[in-house]
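Asker: Sharing a structure with you now.
The values are calculated or read from the model by the stated rules, or taken from the named source; none is laboratory data. Please read all numbers here as calculations on a predicted model, not as lab measurements. Methodologically, a virtual Cβ is constructed for each residue, glycine included, from the backbone with ideal geometry; neighbour enumeration extends over all protein chains shown.
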Amino acid sequence: MGAAMSKWMRGLVAAGAAVAVMGAAAAASAQGAWTAPEAEKAKKNPLPAGAKSVEQGKRVAATNCVTCHGPDGKGNGAAAMALTPKPADWTAKKIQDETDGELYWKISTGRGAMPPWRHLPESERWAVIHYLRSLKK
Ligand code: HEC
């Protein structure tokens, strides 16, 4: 194999590495599984369930969440059209199957277009989860 050939080979290897890096970046922006740490998942909702906390949560959602998640929590708010990934459908099994602790952590930390809601009082974040539960199909 001549010197020219091995130079061509090195170029090929470099190009391959660049493609691999680009592939990894694309995978990261496609946003895969979103999972809360185990300790967060285990957290229990300190607010008692019931009509009062559902009402409170509904008000929190109306103020902060419906623009994206829609008036019925189906992920079809006015701002949803422009977003990828789409705002979650709160009535979906995937969301309802998560623990209160996991939802609380995700609502508090956010991801991508989903803003972090850490600034809301803890009681409002837990109340909105009671409201979410009331939407279960
Ligand atoms: C600016 C738009 C926007 C607003 C406002 C918003 N969300 Fe979201 N939300 C999103 C998007 C987008 C996702 C999907 C994020 C992803 O999968 O990476 C999401 C996902 C979620 C999820 C699903 C988490 C999971 O398990 O996949 C929950 C629960 C949620 N939002 C709750 C709320 C609550 C509660 C509020 C109001 C306090 C709120 N969101 C306000 C855009 C928004």
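Asker: What pairs can you find where one residue is in the range 109-137 and within 25 Å of GLY32 (Cβ to Cβ), the other is outside any helix (DSSP H, G or I) and away from the ligand (no atom under 11 Å from the Cβ), and their Cβ atoms are less than 7 Å apart, with a gap of 6+ or different chains?
Answerer: That search, which allows pairs on different chains as well, returns ILE129/ASN45.
Asker: Then there is this: For the subset of the range 68-84 comprising residues that are within 9 Å of the ligand (Cβ to nearest atom) and within 16 Å of GLY112 (Cα to Cα), which member is surrounded by the fewest Cβ atoms within 10 Å (Cβ to Cβ)?
Answerer: Residue satisfying both the conditions and the ranking: THR84.
Asker: Another one. Looking at GLY101 and the list (1) buried (at least 19 other Cβ atoms within 10 Å of the Cβ); (2) near the ligand (Cβ under 10 Å from one of its atoms), which single condition is not satisfied?
Answerer: Here GLY101 clears every test but (2).
Asker: Now for a separate question. Is there a residue being within 10 Å of the ligand (Cβ to nearest atom) and in a strand (DSSP E or B) anywhere in the range 106-120?
Answerer: Yes, that holds for at least one residue.
Asker: Right, here's the next one. Would you confirm, using the coordinates I've provided, whether ARG118 is of a type in the set (D, E, K, R), in contact with a helix residue (DSSP H, G or I) (Cβ under 9 Å, 6 or more places away or on another chain) and surrounded by 13 or more Cβ atoms within 10 Å (Cβ to Cβ)?
Answerer: no
Asker: On the basis of being over 18 Å from THR35 (Cβ atoms), modelled with pLDDT of 95 or more, in a loop (DSSP other than H, G, I, E, B) and of a type in the set (Lys, Arg), does LYS74 make the cut?
Answerer: Yes: the conditions hold for LYS74.
Asker: Can you tell me how many residues within the range 5-58 are modelled with pLDDT of 60 or more and under 21 Å from the mean Cα position of the chain (by Cα)?
Answerer: 17
Asker: In addition: Could you list all residues from the range 104-126 that are over 22 Å from GLU55 (Cβ atoms) and in contact with a Phe, Trp or Tyr (Cβ under 8 Å, 6 or more places away or on another chain)?
Answerer: Within the range 104-126, LYS106, GLY110, ARG111 meet the criteria.
Asker: Further, regarding this structure: May I ask you to list the residues in the range 45-67 that are at negative phi, surrounded by fewer than 15 Cβ atoms within 10 Å (Cβ to Cβ) and out of contact with any helix residue (DSSP H, G or I) (no Cβ under 7 Å at 6 or more places or on another chain)?
Answerer: Answer for the range 45-67, where residues must be at negative phi, surrounded by fewer than 15 Cβ atoms within 10 Å (Cβ to Cβ) and out of contact with any helix residue (DSSP H, G or I) (no Cβ under 7 Å at 6 or more places or on another chain): PRO48, ALA51, LYS52, GLU55, ARG59, ALA62, THR63, THR67.
Asker: If ALA127 passes every condition in (1) crowded, with 16+ Cβ neighbours inside 10 Å; (2) touching a Ser or Thr at 6+ places or on another chain (Cβ under 7 Å); (3) aliphatic (A, V, I, L, M); (4) farther than 18 Å from LYS43 by Cα but one, which one does it miss?
Answerer: Failed condition: (4).
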